[in-house]
Amino acid sequence: MSPPVDPITPTDKLPAKADIVIVGGGIAGVSTAYFLAKKGLSVALCEKGRIGAEQSSRNWGYCRQQGRDPGEIPLIIESLKIWRGINEEIQDETGFRQAGVAYLAATKEDLERYEEWVGYAQQYQLDTKLLTGEEFEKIVPGGARKWLGALYTASDGRAEPSKAAPAIARAVQRLGGAVLTDCAIRGFETKGGRISTVFTERGKIETDALVVAGGAWSRLFLRRHGIDFPQQTVISSVMRTAPLDAGIETSVSGPNFAIRKRLDGGYTIAHGGASYYHLTPDSFRLMKSFWAAFQMERKSLRIRLSPRFLEAMRQDRKWSMDEVSPFEEKRIWDPEPSQDVLGAAKRNLTAAYPAFANATIEEGWAGAIDVTPDAVPAISQIDQTPGLFIASGFSGHGFGIGPGAGRLMADLVSGAHPIVDPTPFRFSRFHDGSKITPFTET
């Protein structure tokens, strides 16, 4: 089951020309479109299904600075600045509230990792603190056990995944941008080696630049044009409760449970320590690139050989611009949630916070998380094709950084001075011999 996502009224007419075309209507795509439109550039955003209908509406809803790869910290700081003013700026509701995020420490090893990350936070004057168990209880009361401590950032927040991307997409339209749904982009054409034409299922758009923000579909799209983007996919399950008076406003992640207060008064609940990884032919093609990441995450991954393997084998890798593409065959990737994982999450949460014992589960869903070998996104030009850019591979933490990623992408596409140093997000790192080392997120 897919979570409910706020609808938008899509643009009817496919523009014949646009300064920039964007593939994908998730949080990164709509944010890129918004900041480009603010610069006065003409934008056409094409989404194969509905705005925000895949992972951008299926995540936990955390907007956090803490616990990230150090290379992401400057960008997430800028992204939180955007989040804090976004509702007023776009005159719409994204659900953002600054209510803090806390990671619980159940072991001494947890405390050591958190203490290390506080060192990174101090370099950027973040308000991240390592709390004692007693200090944490004052912020989040009602626990049934004592924690050794917690990593806590009061300036972090939360937003509504079902609302944020649609709200930003509506802002794009008010600025004159085209937002098209059920409009897959099949591919592109170059002239003199540079992007010149984008082909959609409804016709073509002449353009100078194309931004690939296709989430878990980006590798397939780029591979059609001979560009290798090392990307894998894991499936994560989430659920939501009916309104509940649990007395917890801060988003909390503990041992094998995570919660976020929702605007409707309920809570989003996840496991946090269990995701499914379905083997595909790319599992073997990319084994060397992802081996270090697999070793780091092997305890949380449940590896399965499923029908997805054969589906991927049969999936077209080449199609012409006048043929139905794989993106039209699956408008929305809607994986089945794991009831085992969700059941364990509910039990773990209830053991820690008894207020959730009688929570009514309204629905559960799953999402396809696209990951890179170092769990850092690519927000970058693709050098081999001038005019081609990518904003993908957010590795399960793209929602919070999405507005900042969109701002950075807009700067790169327009040639403006980038809001932060884009070097950590360069696409070329996957192919220029750079050492790819995944960071152990706290």
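The values are calculated or read from the model by the stated rules, or taken from the named source; none is laboratory data. Keep in mind the model is a prediction, meaning the values are calculated, not measured. Please note: Cβ atoms are built from the backbone with ideal geometry, for glycine as well, and neighbour counts cover all protein chains shown. Quick note on the areas: whole protein, heavy atoms, side chains included, nothing else; ligands and nucleic acids left out. Shrake-Rupley method; radii C 1.70, N 1.55, O 1.52, S 1.80 Å.
It is to be established whether one or more residues within the stretch 31-39 are assigned to a loop (DSSP other than H, G, I, E, B), under 15 Å from G176 (Cβ atoms) and touching a helix residue (DSSP H, G or I) at 6+ places or on another chain (Cβ under 9 Å). The answer is yes, given that some residue of the stretch 31-39 is assigned to a loop (DSSP other than H, G, I, E, B), under 15 Å from G176 (Cβ atoms) and touching a helix residue (DSSP H, G or I) at 6+ places or on another chain (Cβ under 9 Å). How many of the residues making up the stretch 124-136 are more than 16 Å from A106 (Cα to Cα), surrounded by 13 or more Cβ atoms within 10 Å (Cβ to Cβ) and without any contact (Cβ under 8 Å) to a residue 24 or more places away in the chain? Total meeting the criteria: 0. Every condition in (1) within 21 Å of the chain's Cα centre (by Cα); (2) buried (at least 24 other Cβ atoms within 10 Å of the Cβ) is met by V43 except one, and the failing one is (1).
Residues in the stretch 381-413 that are part of a helix (DSSP H, G or I), open to solvent by 20 Å² or more (accessible area, probe 1.4 Å) and of a type outside the set (D, E, K, R): L412, V413. When the strands (runs of 3 or more DSSP E) confined to the stretch 250-325 are screened for residues that are surrounded by 17 or more Cβ atoms within 10 Å (Cβ to Cβ), those reaching at least 3 such residues are found at 251-254, 257-261, 267-270, 275-278.
For the stretch 89-120, a residue qualifies if it is open to solvent by less than 40 Å² (accessible area, probe 1.4 Å), touching a Leu at 6+ places or on another chain (Cβ under 9 Å) and not in a loop (DSSP other than H, G, I, E, B), and the qualifying residues are V101, A102, Y103, L104, A105, D110, Y114, W117, V118.
When residues in the stretch 84-103 are screened for being within 13 Å of K163 (Cα to Cα) and of a type in the set (F, W, Y), 1 of them pass. Taking the conditions (1) touching a residue at least 40 places away in the same chain (Cβ under 8 Å); (2) over 19 Å from P418 (Cα atoms); (3) not aliphatic (A, V, I, L, M) in turn, T32 satisfies each one other than (2).
With respect to being modelled with pLDDT of 95 or more and either open to solvent by 20 Å² or more (accessible area, probe 1.4 Å) or more than 27 Å from H278 (Cα to Cα) (or both), A345 falls outside the description. Residues in the stretch 4-30 that are touching a strand residue (DSSP E or B) at 6+ places or on another chain (Cβ under 7 Å), closer than 17 Å to A164 by Cβ and either aromatic (F, W, Y) or outside any loop (DSSP other than H, G, I, E, B) (or both): I22, A28, G29, V30.
Say whether the condition of being free of Cβ contacts under 8 Å to residues at least 40 places away in the same chain, at negative phi and part of a helix (DSSP H, G or I) is met by at least one residue in the stretch 240-248. No - not one qualifying residue is present in the stretch 240-248.
Residue count for the stretch 38-63 under the criterion of being out of contact with any Phe, Trp or Tyr (no Cβ under 9 Å at 6 or more places or on another chain) and charged (D, E, K, R): the result is 4.
One residue stands out among those in the stretch 348-363 that are modelled with pLDDT of 95 or more and assigned to a loop (DSSP other than H, G, I, E, B): the one that is farthest from the chain's Cα centre (by Cα), which is A357.
Applying the condition of being farther than 30 Å from T9 by Cα and open to solvent by 30 Å² or more (accessible area, probe 1.4 Å) to the stretch 50-76 and asking which residue is modelled with the highest pLDDT yields P74.
Of note, S428 satisfies the criterion of being surrounded by fewer than 19 Cβ atoms within 10 Å (Cβ to Cβ), assigned to a helix (DSSP H, G or I) and not β-branched (V, I, T). Could you tell me how many of the residues in the stretch 142-159 are open to solvent by 10 Å² or more (accessible area, probe 1.4 Å) and either within 25 Å of N59 (Cα to Cα) or small (G, A, S) (or both)? Residues in the stretch 142-159 being open to solvent by 10 Å² or more (accessible area, probe 1.4 Å) and either within 25 Å of N59 (Cα to Cα) or small (G, A, S) (or both): 7 in total. Close contacts from the stretch 388-413, counting a first residue that is more than 25 Å from R260 (Cα to Cα) and a second that is aromatic (F, W, Y) and assigned to a helix (DSSP H, G or I), with Cβ to Cβ under 6 Å and a gap of 6+ residues or different chains, come to I390/F427; R407/F35; A410/F35.
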